[in-house]
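Beneath this line is the structure, given in structure tokens, with notes to follow.
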Amino acid sequence: MEINLEEAFQKRIDEEIKIEPRDWMPEKYRKTLLRQISQHAHSEIVGMLPEGNWITRAPNLRRKVALLAKVQDEAGHGLYLYSAAETLGMTRDEMLAELHSGKAKYSSIFNYPTLTWADMGAIGWLVDGAAIMNQVPLCRASYGPYARAMVRVCKEESFHQRQGYEIMLTLCQGTPEQKAMAQDALNRWWWPSMMMFGPNDDNSPNSAQSTKWKIKRFSNDELRQKFVDVSVPQAEILGITIPDADLKWNEARGHYDFGVINWDEFNQVVAGNGPCNKQRLKARVDAWENGAWVREAAVAYAEKREKRKQNTENTNAA
Amino acid sequence: MSNKEWPLWEVFIRAKQGLNHKHVGSLHAADVKMAIENARDVYTRRMEGVSIWVVESKNLHASEPSEQEEFFDPANDKIYRHPTFYILPEELNHM
């Protein structure tokens, strides 16, 4: 029986029929999605922190409203994704508890500090750029609620990348000091952005199953290559240099060759030893704990109003 | 510090006058007022709607996916309900 269900499930996937929350699914499919979607949601929420750092210090009002809107979008993206993950049978509070205990991961890139205003440019351009590469194929993921959430996310990401690139462009057309700031931000964010696509294909054990289930449509290395190929001309327009001595056009492949990623650094940051891991997690835990009284008060208020409403109805009925 | 989780609400948005409300996702809120305001902030940041419905998820009832085939079977063999079932002369043009 189990075998038949799984075969029927795979057949639906192969025919590009979306899976919806109450449909039968293999337990491992459910768990894989739950892990991926909740981690994605956590990344959006933790991702607000590095940029939130610069809202009060944005150089002018135009930059400030744009950055505020962007950070608010990240909150929205986190909420779309939590809502999709909840359809798989885990509560919001359970997911948050996993984030706060360190059991659930989020994207490592957010464990790097934002040292200058130029980092707002580099994050929008590179980090959101890499996220878009990853996310566009997810709009066709086999699980309906995830795919629909990703469509909403992708519609909004384009603004994020353009606002970031515009910050870089303005700095690069400014004083030599401003251009140096942009170069410095590129130097610090390039490699962490490259790592956002995850381990190399031959070192990514879960990819095959996710591909078979059509959760994943392109391999990590394919997406990374795409990212390099579009980023090189974008850096050229800015007139700044990608910090990779091995970066060069390969005529035969029709792609740029690039240097080796420092996977030791990646593994260290994933393991919790990045520059800001502790700070990021503490900010989330503090927000949760300091907000407890607000959550409780809102429930108490709703209950009181409900009770008052019932009393009025009873009086009227009597 | 035990927290009672806020109830889950399903959100439906009317994109513009003349269209029906369409399900867009869900969110948590303590009461209906908060649910509608949160729905505005989460799902209509770029003028995606002119009207919002929220329904507490526990009040939503649905057909059974596992019975999909039997349940929708009655309509399956009634092709005469479709206009293309009727063969008419070509010179009739648009009917």
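The values are calculated or read from the model by the stated rules, or taken from the named source; none is laboratory data. Predicted model only: the values in this text are computed from it and were never measured. All Cβ positions, even for glycine, are placed from backbone atoms using ideal geometry, and neighbour counts span all protein chains on display. Accessible surface areas use protein heavy atoms only, side chains included; no ligands, DNA or RNA. Shrake-Rupley method; radii C 1.70, N 1.55, O 1.52, S 1.80 Å.
A few notes on this one:
- Rg to Rh quotient for the stretch A:117-264, alpha carbon positions, Kirkwood Rh: 1.00
- Computed E for A:Ser204/A:Gln268 - FRET, C-beta separation, R0 25 angstrom, nearest 0.05: 0.85
- If you run the Gaussian network model on chain A, springs between alpha carbon atoms under 10 Å, then out of A:His100, A:His77, A:His255 the most flexible one is A:His255.
- Radius of gyration (Cα atoms) of chain B, expressed as a multiple of 2.2 N^0.38 Å: 1.72.
- Residues with amide H under 5 Å from that of A:Ala104, placed H, sequence gap 5 or more: A:Leu99
- Cα-based values for the stretch A:239-291, radius of gyration first and Dmax second, are 18.7, 57 Å.
- Summary of packing: across the peptides A:20-26, A:114-120, A:78-84, A:305-311, the per-residue average of other C-beta atoms within 10 Å ranks them, highest first, as A:78-84, A:114-120, A:20-26, A:305-311.
- With θ taken as phi - 60° and the Karplus curve 6.51 cos²θ - 1.76 cosθ + 1.60 applied, the whole-hertz 3J(HN,Hα) list for the stretch A:53-58 is 3, 10, 4, 6, 10, 4 Hz, x standing for glycine and proline.
- Couplings for the stretch A:98-108, taken from phi via the Karplus curve 6.51 cos²θ - 1.76 cosθ + 1.60 with θ = phi - 60°, read 5, 5, 5, 7, x, 5, 8, 9, 9, 4, 4 Hz in order; Gly and Pro are left as x.
- Averaged per residue, the protein assembly as shown has 56 square angstrom of accessible surface, using a 1.4 angstrom probe with ligands and nucleic acids left out.
- Angle between chain B longest axis and helix B:32-43 axis [Cα atoms, degrees, rounded to 10]: 70 degrees
- Nitroxide proxy distance, nm - points 7 Å out along Cα→Cβ at A:Asn290 and A:Lys103: 2.6 nm
- When the solvent-accessible area of the protein assembly as shown is split by element, carbon and sulfur atoms take up 56 percent of it, the probe being 1.4 Å.
- Separation of the B:Phe85 and B:Lys4 label points, Cα + 7 Å toward Cβ, nm: 5.4 nm
- Occluded residues from the stretch B:21-37, i.e. those whose accessible area drops by 30 Å² or more once the chain is not alone (1.4 Å probe): B:Ser26, B:His28, B:Ala30, B:Asp31
- Simple label model, 7 Å out from Cα along Cβ direction - A:Ser158 to A:Asp221, nm: 3.2 nm
- Note on chain A: with a GNM built from Cα contacts shorter than 10 Å, the maximum mean-square fluctuation among A:Phe218, A:Phe258, A:Phe110 falls on A:Phe258.
- Averaged over the residues of peptide B:44-50, the number of Cβ atoms from other protein chains lying within 10 Å of each residue's Cβ is 2.
- Buried accessible area, chains B and A (both chains, 1.4 Å probe, Å² to nearest 100): 2100 Å²
- Compared with the dominant Cα axis of chain A, that is its longest principal axis, helix A:27-46 is turned about 70°.
- For chain A, the relative contact order comes to 18 percent (Cα pairs under 8 Å, sequence separation of at least 6).
- Per principal axis, descending, Cα span of chain A in whole Å: 82, 56, 33
- Protein-protein interface of the stretch A:51-79, residues with accessible area decrease of at least 40 Å², isolated chain reference, 1.4 Å probe: A:Gln72
- Shape category assigned to the stretch B:3-59 from the gyration tensor of Cα positions, a/c cut at 1.5: prolate
- Threshold 30 Å², the stretch A:273-316 residues less accessible with all protein chains present than alone (1.4 Å probe): A:Arg295, A:Glu296, A:Ala298, A:Val299, A:Ala302, A:Arg305
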